[in-house]
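Working notes for the structure below.
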Amino acid sequence: MEILVDVFVISTLGILAYQRVSGRAWLLGIGAILIIISSSGMIDGLPLFLTWAIAIIICGLLGHSELRQRYVSRPLLERFRKILPPMSDTEREALEAGSVWWDGELFSGRPDWKKLMAEPVPMLTQEEREFIDGPVDELCRMLDDWKITNEVHDLPPEVWDFIGKHRFFGMIIPKAYGGLEFSALAHSTIVMKISSRSVTAAVTIMVPNSLGPAKLLLHDGTQEQKDYYLPRLAQGKEVPCFALTGPDAGSDAGAMPDRGVVCYGEHEGKEVLGIRINWDKRYITLGPVATVIGLAFKLFDPDHLLSDEEERGITVALIPADTPGVSIGKRHVPLNIPFQNGPNYGHDVFVPMEWLIGGQKGIGQGWRMLMDCLAEGRSISLPALATGAGKAACRYTGAYARVRRQFNMPIGYFEGVEEALARIAALTYQMDAARTITLGALDSGEMPSVVSAIIKYHLTERYRKVINDAMDIQGGSGICLGPNNLLGRAYQAIPISITVEGANILTRSMIIFGQGAIRCHPYILKEFMAAQASHDGKALKEFDEAVFGHASFLLSNLVRSLFLGLTRGRFSASPTNGPNKRYYQHLNWMSASFALCADIAMMTLGGALKRKERLSARLGDVLSELYIASAVLKHFENQGCQEEDLPLLRWALDDGLYRMQESLRSLLRNLPVRPLAWVLRHLIFPTGLPYVEPDDRRGHQAARLLLRPSEARDRLTADIYTNSDPTMAVGRHELALAMAEKVAPIEKTLSKARRDGLITGKTIYELAADAQEKGIIQSAEVALLEEMGTLRSQVIQVDAFDHLA
């Protein structure tokens, strides 16, 4: 009897915690437990009386809001205010930027998969598709990347003219202002396709459509500013740049020394109220050719011409490049990828108030403007560039590995090469999934700031891994630059994507979890805001609701982690009963475990977690892999659950789960409170460590998708530049792969005949000649083998020059 009662008590408490029931349900559940205990006779007399009395006092205290706030929440709030780390204005604005989307569900420990599956499938409009298949394709044919990078060190004049004529700088600008008004999906797809042809052209086009004057104007500009600048930007009459980074302010943009002072000055022959600015900026893309500069600076009003406040905060102005005192034109050389990039300076530049974005209302709003734009723009440009590189590696290196032969077989059939090909294919599948799912959220009105940091960091890091693998496979053909080299410049450009829009090291160690912990957690931000509120009564009520919701949340994730660990995710919710059901359940387990570890880390380390960057980075890695794995599952559904894509899906998810497990292990090995780390280890993984790296069988299946023409290969590499033009390296790769597939049966016939002793020869041509003479193959088949030989020779050929420029 006692055992049954114990089971009932434990089960009831576990179910209440697991299901995150309301306070009333908790009271009813505890009442039921007490009644069962009383009826069972397990305890009686004074112990029973004390049990009831203690339960009634605790339930009465916690169940009555006024008593709870007075005796529990108020002391906690006072203590919390004392230990709360200070938050700067720039940190607050960064936290409040953008929106919380699926990242919030993952942080909950109990993701609602139906919400993700209900998200609409990202789709291009007919107009967008026609633009991509028309002007974008035409631009790609115009681009001679070897000439751009090695001879003119810029885009040729005809390319600049074409970009302006077809409004490539106006993709995000509404049609009412003469722009294209394309979706985020179209914007990304255009950049991705161009990047597969020329990184220089892609960067030139993506920057004005990302973090720059057009986006800032759309969000915060005055109507007069929009009416003047947006049509000119859309038509290419103005070339914009945005000047944020300087010698003393990189990732810590809030430390910028660039200074503007409110004063009176002369403008257009009249004395007007304005600002005199001095600045020193560098790494400014399009800066050397810009006609209008978006400038971020700190504004001061020492003479109190605007108000009694002297320090007015970060502000943004639009300044024509020909304004007296502005100096531009010098160029940086970013790893011989010659997009226009360079420093600019301003000495005592006077600008009227109407040149501030948003006018005087925009004073001090600059950091918030930048964070809002970054939350959106960071999701588009660099992920597109990274995914384009991955798709190009899949398409071109896959073809090369099939065409290139060593030891009488394609090098792609060697297991060592196959391992690298599998990574190239599956990591590209992850990149494309994360890219498209995030773009769908943007086009639905979300601005997920944490997700944008996740995909900026992880897609550019995967870009690095994929291109490194591709270069290993290509060997000498990858390192010898020239018109025939399709990957060399993508390899050179890797550090650029790693560095810009938030350096990757700091993005991983400080932003993803540092911002995500507060922004995505269902209660942390509410607790912070309540603690910093000035209205004590309202603050106490909000803090009370948040802190007790947080306690319930923590208890629930503790129980969920243990139960899901014991069952390895079984019995948890899944939106499907198909072959991917177990993956959803594994992610439920990892989500609960992540949420529990995040809470424990924040509770035990407090503000010190901000300085424990490696612990923060590992928590961010788990959140990131949860997001990417979710995107992979949604992407697979969006593409119609193609069976041919299952090797990519399974390799990608096996890889993601293994990375989550190892990040959690590394976190627990380094938590300062060792007994607590030991307890967490056994709560999260009570039955051991279940995940391993993707196995060889799945790697083999994924790699083979790149070695032959197929619908799966076309889906994986969709929307990069390809053709079948034998005069272009891209076309020769396509033709050679198609021919390799066509002659494969002939080569198999020759191989069998040789093994059977029917024919002899040292080369495939000698074998073919002998086989033709003996009637084993026909002359037409010999001709195909000769054509394949010609194409193979063209594909593996590397460039050589009489002299170097």
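The values are calculated or read from the model by the stated rules, or taken from the named source; none is laboratory data. What you see is a predicted model; the values in this text were computed from it and never measured. Counting neighbours? That spans all protein chains shown, and the Cβs are built from the backbone with ideal geometry, glycine included. Protein only, heavy atoms only, side chains kept; ligands, DNA and RNA dropped before computing areas. Shrake-Rupley method; radii C 1.70, N 1.55, O 1.52, S 1.80 Å.
Under a Cβ-only charge scheme (Lys and Arg +1, Asp and Glu -1), can you give me the dipole magnitude of region 644-736 about the Cα centre, in debye to the nearest 20? List each step's numbers first, then the result.
Values: 13 positive and 13 negative charges, 122 e Å.
Around 580 debye, computed over region 644-736.
What shape does the chain take by its C-alpha gyration tensor, where a ≥ b ≥ c are the square roots of the eigenvalues and a/c under 1.5 counts as rounded, a/b above b/c as prolate, and the rest as oblate?
Since a/c reaches 1.5 but b/c is at least a/b, the shape of the chain is classed as oblate.
Can you tell me the accessible area per residue over region 700-805, all protein chains present, probe 1.4 angstrom, in square angstrom? Please list the in-between numbers first.
Values: 5770 Å² over 106 residues.
The answer is 54 Å² per residue.
Counting Lys and Arg as +1 and Asp and Glu as -1, what is the net charge of the other residues whose Cβ lies under 13 Å from the Cβ of Asn336?
The answer is -1.
Find the percent of Cα-Cα distances in region 270-416 that exceed 25 Å, and round it to a whole number.
More than 25 Å apart: 50 percent of the Cα pairs in region 270-416.
Going out from 0 in 10 Å bins, what whole percent of all Cα-Cα distances in region 508-611 drops into each bin?
In order of increasing distance, the bins hold 14, 35, 31, 15, 4, 0 percent.
Could you name the lysines in cross-link range of Lys762, using Cα to Cα under 20 Å and dropping any fewer than eight places away on the same chain?
Within the straight-line limit of under 20 Å, Lys762 reaches these lysines: Lys748, Lys752, Lys774.
Enter the mean projected area of the convex hull around the alpha-carbon atoms of region 435-573, in nm², rounded to one decimal.
13.7
Rounded to whole Å, give me the distance from the Cα center of region 181-216 to that of region 474-552.
22
Once you order the gyration tensor axes a ≥ b ≥ c over the Cα atoms, which shape class does region 556-630 get: rounded for a/c under 1.5, otherwise prolate or oblate by comparing a/b with b/c?
Judged from the Cα gyration tensor, region 556-630 comes out oblate (a/c at least 1.5, b/c at or above a/b).
Is the C-alpha gyration tensor of region 442-494 telling us rounded, prolate or oblate? Criteria: a/c under 1.5 is rounded; beyond that, a/b larger than b/c is prolate, otherwise oblate. Walk me through the intermediate numbers first.
Values: a/c = 4.28, a/b = 2.77, b/c = 1.54.
Prolate is the answer for region 442-494, as a/c is 1.5 or above and a/b outweighs b/c.
How many times 2.2 N^0.38 Å is the alpha carbon radius of gyration of region 184-289?
1.30
If you filter region 706-805 for trypsin sites (Lys or Arg not before Pro), then keep DSSP loop positions with at most 11 other Cβ within 10 Å, what is left?
Of the trypsin sites (Lys or Arg not before Pro), the ones in loops of region 706-805 whose Cβ has at most 11 other Cβ atoms within 10 Å are Lys762, Lys774.
Which is the longest stretch in the chain that no exposed loop site breaks, taking sites as GluC sites (Glu not before Pro) with a DSSP loop state and at most 13 other Cβ atoms within 10 Å?
On the way: sites that count: Glu268, Glu309, Glu310.
Excluding the exposed sites themselves, the longest stretch runs over 311-805.
Distance check, please: which entries in Lys237/Lys361; Lys281/Lys361; Lys175/Lys226 exceed 18 angstrom between their Cα atoms? Walk me through the numbers on the way to the answer.
Details: Lys237/Lys361 28 Å; Lys281/Lys361 25 Å; Lys175/Lys226 13 Å.
Exceeds cut-off: Lys237/Lys361; Lys281/Lys361.
Ranked by accessible surface with a 1.4 Å probe, highest first, in what order do His700, His550, His803, His166 come?
Per-residue accessible area, sorted high to low, gives His803, His700, His166, His550.
Can you give the helix-only mean residue ellipticity at 222 nm for the chain, where every DSSP H stretch with n ≥ 4 adds -39500 (n - 2.57) and the sum goes over all residues, rounded to the nearest 500 deg cm²/dmol?
Helices in the chain give a 222 nm mean residue ellipticity of -18000 deg cm²/dmol.
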